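> The structure under discussion is supplied below as C-alpha cells; questions concerning it will follow.
The values are calculated or read from the model by the stated rules, or taken from the named source; none is laboratory data. Since the structure is predicted, the reported quantities are computational estimates derived from the model, not experimental observations. All Cβ positions, glycine included, derive from the backbone under ideal geometry; neighbour counts span all protein chains shown. For the accessible areas, the whole protein counts, side chains as well, though only heavy atoms, and no ligand, DNA or RNA atoms are used. Shrake-Rupley method; radii C 1.70, N 1.55, O 1.52, S 1.80 Å.
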Amino acid sequence: MTAWALSSPAVLLVLVVAITPSLILLYQAFRTPDGAAFTLEHFERLFNSRIAGQAFWRTLRVSLITTLLTIAGGYPLAMLIARSRERAAALMLGIVVFPLMVSVVVRAFGWIVILGPSGIVNQILPGIGLITEPLALVQNEIGIIIGETQLLLPYMVLSLLAVLRNVDPHLEEASLSLGANPLRTFFAVTLPVSIPGLLSGVLLVFSLAITAFATPQILGGARSPMLTTLLYRNVFSTYDWAAAAAIAILLALLAIGFVTLQRLAGRLWEKSHG
Amino acid sequence: MTDMTSPAGTGPAFAVEMRDVSKVFGETTVLDRISFDIRPGEFVTFLGPSGCGKTTSLRILAGFEQATSGDVRINGQSVSDMPPWHRDIGIVFQSYALFPYMTARDNVGFGLKMRRVPKAEMAKRVEEALKLVGLSGLGDRYPRQLSGGQRQRVALARALVIKPQLLLLDEPLSNLDAKLRNEMRYELKRIQRESGITTVFVTHDQEEAFSLSDRIVLMSKGEIKQAGTSREIWEKPRTGFVADFIGVDNLLPGAVEKDGDELVVRISPSVTLKTEICDFAPGSAVLVAVRAKDVILNPVADETATGLNVFAGNIIDVEYRGERCACRVRCEGIDQTLVALVASSHVPSGAVTLSFASDAVMVLTDDR
C-alpha cells in the first residue's frame, strides 16, 4: 500500500502528461470531424496521399541510412576510446558527447553554414576545381542524413562503448596471435561480442531518427518532408488535426514495429550466445 | 654476436634471441637493455614481482608491443616489424580469453580456420588437441559451461593446435585454486614435454617457476637480475634482490672490512661476520644473506659466546611452518632480528645462542 501511496505523484504525472494526450490523439484519429462517429477516413486519406507516402518511405530510408552511418562511424570511435588510457579516453568521450549540449536547432543552422549553396563546402570544392556546379547538400535528404548522423552518433558511441569497455582486451589479442589480421579479428571477435551494445544503439538511433523534427525541418526543407515535419505542417499550416493524429499513430506503429524487431534480434542472439 | 646460427642444416641454435631490448613508456623505462637466448624446446620462466617487465617482455615476443630499441629474433628471423598475426605464436592468458560465443571445439579450431586448413584435417587436429589436454567429449560445450580448469585446457589446446614456433603463457595458473593449480602445473609440464614446443612462462610465483622451468629469468625493475636453472638460482643467488625474492630470511646490510688477511663484513658497530667468499673490495656496502636453515640455534644461553658468527640472544617470536618452526631471535648488537629454524617438536624459548658457519654467509650487492 505504501508503495502505491509513495508512487502516486509519479503515476498522476504520467497519467496527465502521457496517457491523456495519447488517448485524445487516438480519439481524434478515429472520429469524424464533427466527433460523432468512428471512422477510418483519416487513415484512408493518409494512404491515398502521395506526399504522405513519400514522407513515410523517406522517413524509413533516412532513418535506416542514418543508423548504418552511425554504426560505421561509431565502431571505430568506441573501439578507440575503449582502448585508450584513462585520460585520453575521458577527453575523447567529452568531445563525442559535447554536441549533445548544443541545441539541435543551432547545430542544424551550423550545417547550413557548412553545406548550404554558398556554404564553406560549396566555396572550397569549386575553388580547387573538383566541381563546377554547387552541390545540393541541404534542402534535401542528403542534408537530413548528414545532420541526423552527426546528431545521433554520440548515442551509438555510448551504447557500443558500454559493451566494449567490459570486453576482455585479451580476446582480440588471442585472435591476432592465432593468425587473424585486425579486420578479421573485428568481424570474428569484436563484432559478435558487442552485439548487445549494437542492438541498443540501433534502437536508440533509429527511434530518435524517425522522431527527429528540427533537423529535417531545417535541413530538409519543404520539398523533402518526413513524417514529423508533415505532421507539423498538418497541425500549424492546414489545421488538419485529424490527419496529424493519424500520422502520429503511424509513427508510433513504426516505432513499435522496430522495437519488436530489435527485441527479437536480441532474443535470438541470447539464444545462440547466451 | 648477432649471428648465432649453428652449422648448416640444424636450424638456428636459439628459438628466441633478445638483444639489448628496451621498452620506454613516456618517461618510464619498463625494460632496460634485456639480452637473453632461449634454446629450442626449452621451458623458460620470466619471474619477478609485478612491474618488473616480465609481461612487457612477453608482449614484445607476441608482437603486441614494439621494443623501443634492440632486436628480437624468433628461429633466427628478426620479428621487429612482423605483426602478431604473422608470428605463429600461441598464447595462453591469465583470463584464458576464450571466445564466449564459440564452443570449445570452435575455439580450438579458430587458428586453423584462419590458416584455411581443410575441414577434414581441421576436425582431426582439433580432436587431437582436445585429447592432448584431456577434454575429449567436451568439444560442444561453451566456455561458460566449463570449469576454470577446463577453460584453461581449452585455451592451451587452442594455442597448441596451430603448432606454434613459440608458446607464451601469461600467468595461466593464477586464476585457479591451489589444488587445481598443482594439478595443472603437472599437466602443463607434461603437455609441453610431449609437444616439445619452446615455451615462455610468465609468473610472479616462485614455486611455480622453480617446479616448471628448465631455466628461470629473474627480473626486477626492467633488468635481468639472474638467469639460470632453478637449482642455480636457489643455491647461488647472485644479488640481494634475488636472495630476498627467493625467501632468504636473514638479510643484513653491512660494509666490507679488512681484518688481518681476511675480509669480514661489519653489520653493526660491535658485530662483524666472517665469510668464506667475498668478491668485494674493503669499504663496499653489501648485503649479507644467511638462510634460516643454516642458522644453528643452541637452546643453552652462553653469555661468554664471543667467537665470530656466534651470538647470544633471546627468542621473541615463534612462527609455525609445519615440520619446522621459525624462531625470531634478538641478538646483542644487531639491529635486525635473526631467524633460525628448529624442529617443531622441540621449540625452545628464552635465552639462546645462535651460530652459523662462515660458508653460510653470502655476501651480495644490495639491489633490493
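> Of (1) open to solvent by 40 Å² or more (accessible area, probe 1.4 Å); (2) more than 14 Å from chain B (Cβ to nearest Cβ), A:L183 satisfies all except one. Which?
(2)
> How do the pairs read when you match residues in region A:46-72 that are closer than 16 Å to A:L208 by Cα with residues anywhere that are among the acidic types (D, E), using Cβ under 8 Å and keeping only pairs 6 or more apart or on different chains?
So the pair list comes out as A:R58/A:E141; A:R61/A:E141; A:V62/A:E141; A:V62/A:E148; A:S63/A:E148; A:T66/A:E148.
> Checking the structure you have, find out if any residue of region A:84-96 is within 27 Å of the chain's Cα centre (by Cα) and touching a residue at least 24 places away in the same chain (Cβ under 8 Å).
So far as region A:84-96 goes, yes, one or more of its residues are within 27 Å of the chain's Cα centre (by Cα) and touching a residue at least 24 places away in the same chain (Cβ under 8 Å).
> So which residues in region B:105-133 are more than 29 Å from B:V16 (Cα to Cα) and either away from every other protein chain (no Cβ under 14 Å) or in contact with a strand residue (DSSP E or B) (Cβ under 6 Å, 6 or more places away or on another chain) (or both), if there are any at all?
Within region B:105-133, B:R105, B:P118, B:K119, B:A120, B:E121, B:A123, B:K124, B:E127 meet the criteria.
> Right, something else. Of everything in region B:280-308, what is assigned to a strand (DSSP E or B) and either over 29 Å from the mean Cα position of the chain (by Cα) or crowded, with 16+ Cβ neighbours inside 10 Å (or both)? Give them in sequence order.
B:V286, B:L287, B:V288, B:A289, B:V290, B:I296, B:L297, B:N298
> Output the number of residues of region B:329-342 satisfying the condition of being assigned to a strand (DSSP E or B) and surrounded by fewer than 17 Cβ atoms within 10 Å (Cβ to Cβ).
So the count comes out to 1.
> Considering only residues that are modelled with pLDDT under 90 and not in a helix (DSSP H, G or I), which ones fall in region A:186-224?
A:G221, A:A222, A:R223, A:S224
> Return the total of residues in region A:11-66 being among the acidic types (D, E) and not in a helix (DSSP H, G or I).
Residues meeting the conditions: 1.
> So A:T149 passes all but one of these: (1) closer than 20 Å to A:A78 by Cβ; (2) hydroxyl-bearing (S, T, Y); (3) within 14 Å of chain B (Cβ to nearest Cβ). Which condition number does it fail?
Unmet condition: (3).
> Tally time: how many residues in region B:59-84 are more than 10 Å from chain A (Cβ to nearest Cβ), outside any strand (DSSP E or B) and crowded, with 20+ Cβ neighbours inside 10 Å?
4
> Moving on. Could you please let me know if B:L146 is under 30 Å from B:V72 (Cα atoms), crowded, with 18+ Cβ neighbours inside 10 Å and of a type in the set (A, V, I, L, M)?
For B:L146, the condition - under 30 Å from B:V72 (Cα atoms), crowded, with 18+ Cβ neighbours inside 10 Å and of a type in the set (A, V, I, L, M) - is not met.
> So which pairs qualify, if the first residue must be in region B:157-175 and closer than 11 Å to B:L112 by Cα and more than 8 Å from chain A (Cβ to nearest Cβ), the second must be charged (D, E, K, R) and not in a loop (DSSP other than H, G, I, E, B), the Cβ gap must be under 8 Å, and the two must be at least 6 apart or on different chains?
What qualifies is B:V161/B:R125; B:V161/B:E128.
> Does B:S35 satisfy being open to solvent by 40 Å² or more (accessible area, probe 1.4 Å), touching a His at 6+ places or on another chain (Cβ under 6 Å) and either within 14 Å of chain A (Cβ to nearest Cβ) or not in a helix (DSSP H, G or I) (or both)?
Against the criterion (open to solvent by 40 Å² or more (accessible area, probe 1.4 Å), touching a His at 6+ places or on another chain (Cβ under 6 Å) and either within 14 Å of chain A (Cβ to nearest Cβ) or not in a helix (DSSP H, G or I) (or both)), B:S35 does not qualify.
> Further question on the same structure: I'd like the residue in region B:242-264 that is assigned to a strand (DSSP E or B) and free of Cβ contacts under 8 Å to residues at least 24 places away in the same chain and, out of all such residues, is farthest from B:K293 (Cα to Cα).
So, considering only residues that are assigned to a strand (DSSP E or B) and free of Cβ contacts under 8 Å to residues at least 24 places away in the same chain, the one farthest from B:K293 (Cα to Cα) is B:D259.
> When you go through B:I277, B:I267 one by one, which is the residue that is hydrophobic (A, V, I, L, M, F, W, C), outside any loop (DSSP other than H, G, I, E, B) and on the phi < 0 side of the Ramachandran plot?
Criteria check complete, one pass: B:I267.
> Tell me, yes or no, whether region B:258-277 has at least one residue that is open to solvent by less than 80 Å² (accessible area, probe 1.4 Å), of a type in the set (D, E) and in contact with a Lys or Arg (Cβ under 8 Å, 6 or more places away or on another chain).
Taking every residue of region B:258-277 in turn, none turns out to be open to solvent by less than 80 Å² (accessible area, probe 1.4 Å), of a type in the set (D, E) and in contact with a Lys or Arg (Cβ under 8 Å, 6 or more places away or on another chain).
> Hey, another quick one. Within region B:172-188, which residues are assigned to a loop (DSSP other than H, G, I, E, B) and not small (G, A, S)?
Once the filter is applied, which keeps residues that are assigned to a loop (DSSP other than H, G, I, E, B) and not small (G, A, S), region B:172-188 yields B:P172, B:L173, B:N175, B:L176, B:D177.
> If B:D140 passes every condition in (1) within 21 Å of A:V167 (Cβ to Cβ); (2) open to solvent by 50 Å² or more (accessible area, probe 1.4 Å) but one, which one does it miss?
(1)
> Could you give me the residue pairs with C-beta distances under 7 Å whose first residue belongs to region A:23-36 and is under 18 Å from A:L231 (Cα atoms), whose second residue is open to solvent by 100 Å² or more (accessible area, probe 1.4 Å) wherever it lies, and which are 6+ apart or on separate chains?
Listed by first residue and then by second, the contacts come to A:Q28/A:W241; A:F30/A:F38; A:R31/A:F38.
> Say we look at region B:44-55 and pick out the residues that are outside any loop (DSSP other than H, G, I, E, B) and more than 14 Å from chain A (Cβ to nearest Cβ); which of these is nearest to the chain's Cα centre (by Cα)?
Only one residue tops the list, namely B:L47.
> Right, something else. Can you go through A:Q139, A:Q54 and tell me which one is open to solvent by 60 Å² or more (accessible area, probe 1.4 Å) and modelled with pLDDT of 90 or more?
A:Q54
> If you go through region A:117-136 one residue at a time, how many are open to solvent by less than 80 Å² (accessible area, probe 1.4 Å), over 22 Å from A:F213 (Cα atoms) and small (G, A, S)?
Residues that pass the stated criteria total 3.
> Would you call A:V167 open to solvent by 30 Å² or more (accessible area, probe 1.4 Å), within 14 Å of chain B (Cβ to nearest Cβ), among the aliphatic types (A, V, I, L, M) and in contact (Cβ under 8 Å) with a residue 24 or more places away in the chain?
The answer is yes for A:V167.
> Moving on to the next point. Any residue in region A:245-274 that is in a loop (DSSP other than H, G, I, E, B) sitting within a Cβ distance under 9 Å of a residue that is not charged (D, E, K, R)? List the pairs, counting only those 6 or more apart or interchain.
Short answer, once both residue conditions are applied: A:G274/B:P100; A:G274/B:Y101; A:G274/B:Y142.
Listed here are the residues, each with its yes/no results for (1) open to solvent by less than 20 Å² (accessible area, probe 1.4 Å); (2) of a type in the set (G, A, S); (3) within 30 Å of B:H86 (Cβ to Cβ).
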position	(1), (2), (3)
A:A188	no, yes, yes
A:I195	no, no, yes
A:A214	no, yes, no
A:T228	yes, no, no
A:F258	no, no, no
